[in-house]
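Trainee: Mind having a look at this structure? Questions to follow.
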Amino acid sequence: MSPAEPVADPAADPVRRWRRLVGTDTAVLLDGFHALKHAVRFGAEVPVAVTADREAALALADDLAPDVREPLAALLTEVPRATYEALVPRPHPTAVAALAVRPPREANLAALTREPRRAPVVVLDNPRNLGNAGAVIRLAAGFGATGVVTTGTLDPWHPTVVRGGAGLHFATAVERLDVEELPAGPVFALDPEGDDLRGVRLPDDAVLAFGSERAGLSSALRARADHLLALPMRPQVSSYNLATSVAMTLYHWSTTGFPSGT
Ligand SMILES: C[S@@+](CC[C@H](N)C(=O)[O-])C[C@H]1O[C@@H](n2cnc3c(N)ncnc32)[C@H](O)[C@@H]1O
């Protein structure tokens, strides 16, 4: 009998590994260098990362992310440009892409309900715009918020939301819940008809709720709210964009309650 041919390990080939993982429930596409950098920085599990230009990607790491240069160098495999372009829906200018593992729902729920809470939870009540949701997750990460909860049908881990969030889904707890399942804590719902936010100190355990782009706050969320607050706005302007409303509110919280060392 002739000696057996060595069997190729599919896990050793990044392109095969990619094809095996992509499209599964837990695979999260990290599109571009910055998304991968953020995900690695905030502890994401990244089973596969490819680039069409490893030297350029590592030069970016030297320049912009020396703190994660080593793990990025260990993760990134160079593949031909045509292979990279076949793996991603839209090639990114940095020619970097990776698949990360979506954190389990239980881990997010544990983070959202952990007490005492040192930073607010942001709730988007039935948001419709994927770009807004991504921008809010990026804001929440930047302000060190405990997490972002969405109600309604939008998946906060949709690839377009992840793209808008620049890989920062891994820096905060992102989950979809029903209004009845919201974490404990005083609910401050933002609405142009509320009391002026500037007269209120937002506590660290606040649940900050924002309505949908079209319809505003749902009746279920209004019923759950302890306070209705308005952002300063000149008469005749109907409302602000959802993500900018979150930005102003988190900024207001940060002026009194921003967690140190985050
Ligand atoms: C685009 S607005 C929704 C507009 C919607 N037509 C309405 O009737 O409320 C999206 C969300 O941003 C927040 N928002 C926008 N402008 C606000 C303001 N001036 N004061 C408080 N919240 C505001 C609210 O939570 C609102 O539900």
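The values are calculated or read from the model by the stated rules, or taken from the named source; none is laboratory data. Predicted, not measured: the structure shown is a model, and the values here were computed from it. Quick reminder, even Gly has a Cβ in these numbers, built from the backbone with ideal geometry, and neighbours come from all protein chains shown.
Trainee: Provide a single number: the residues in segment 57-88 that are touching a residue at least 24 places away in the same chain (Cβ under 8 Å) and in contact with a helix residue (DSSP H, G or I) (Cβ under 8 Å, 6 or more places away or on another chain).
Mentor: Total satisfying the criteria: 16.
Trainee: Has segment 213-226 got any residue that is assigned by TED's automatic domain parsing to the domain that holds ALA145, touching a helix residue (DSSP H, G or I) at 6+ places or on another chain (Cβ under 8 Å) and within 7 Å of the ligand (Cβ to nearest atom)?
Mentor: Yes, segment 213-226 has at least one match.
Trainee: Report yes if some residue within segment 53-64 is out of contact with any His (no Cβ under 9 Å at 6 or more places or on another chain), modelled with pLDDT of 95 or more and crowded, with 21+ Cβ neighbours inside 10 Å; otherwise report no.
Mentor: Yes: segment 53-64 contains one or more residues that are out of contact with any His (no Cβ under 9 Å at 6 or more places or on another chain), modelled with pLDDT of 95 or more and crowded, with 21+ Cβ neighbours inside 10 Å.
Trainee: When you go through ARG234, ARG222, ARG201, ARG214 one by one, which is the residue that is closer than 18 Å to ALA145 by Cα and among the charged types (D, E, K, R)?
Mentor: From the options ARG234, ARG222, ARG201, ARG214, the qualifying one is ARG201.
Trainee: Here's another thing I want to ask about it. Would segment 145-154 turn up any residue that is touching a helix residue (DSSP H, G or I) at 6+ places or on another chain (Cβ under 8 Å), surrounded by fewer than 20 Cβ atoms within 10 Å (Cβ to Cβ) and among the small types (Gly, Ala, Ser)?
Mentor: No, segment 145-154 has no match at all.
Trainee: Among ARG102, ARG114, which is over 30 Å from GLU55 (Cβ atoms) and surrounded by fewer than 17 Cβ atoms within 10 Å (Cβ to Cβ)?
Mentor: Selected residue: ARG114, the only one of ARG102, ARG114 that is over 30 Å from GLU55 (Cβ atoms) and surrounded by fewer than 17 Cβ atoms within 10 Å (Cβ to Cβ).
Trainee: If I ask for residues that are within 10 Å of the ligand (Cβ to nearest atom) and outside any helix (DSSP H, G or I), which ones from segment 196-212 would you list?
Mentor: Selection gives ASP196, LEU208, ALA209, PHE210, GLY211, SER212.
Trainee: Here is a further query. State whether the residues of segment 242-254 include one that is near the ligand (Cβ under 10 Å from one of its atoms), under 26 Å from THR153 (Cβ atoms) and part of a strand (DSSP E or B).
Mentor: Among the residues of segment 242-254, not one is near the ligand (Cβ under 10 Å from one of its atoms), under 26 Å from THR153 (Cβ atoms) and part of a strand (DSSP E or B), which makes the answer no.
Trainee: Sticking with this one: Going by what's in this entry, would VAL48 be described as outside the structural domain of VAL162 (by TED's automatic domain parsing), of a type in the set (A, V, I, L, M) and over 20 Å from THR172 (Cβ atoms)?
Mentor: Here the answer is yes, as VAL48 does meet what is asked.
Trainee: What tally of residues in segment 212-227 results from selecting those that are closer than 14 Å to TYR240 by Cα and touching a Pro at 6+ places or on another chain (Cβ under 9 Å)?
Mentor: Of the residues in segment 212-227, 3 are closer than 14 Å to TYR240 by Cα and touching a Pro at 6+ places or on another chain (Cβ under 9 Å).
Trainee: What are the residues in segment 1-46 that are in a helix (DSSP H, G or I) and modelled with pLDDT under 90, if any?
Mentor: PRO10, ALA11, ALA12
Trainee: Also, I was wondering about something else. Starting from residues that are acidic (Asp, Glu) and under 24 Å from the mean Cα position of the chain (by Cα), keep the ones in segment 198-229 and report whichever is farthest from ARG118 (Cα to Cα).
Mentor: My answer is GLU213.
Trainee: At least 3 residues that are under 18 Å from ALA27 (Cα atoms) in each: list the helices (runs of 4 or more DSSP H) lying fully within segment 51-106 that qualify.
Mentor: 81-87
Trainee: Would you confirm whether any residue within segment 168-187 is hydroxyl-bearing (Ser, Thr, Tyr), within 16 Å of the ligand (Cβ to nearest atom), closer than 30 Å to ALA35 by Cβ and in contact (Cβ under 8 Å) with a residue 24 or more places away in the chain?
Mentor: no
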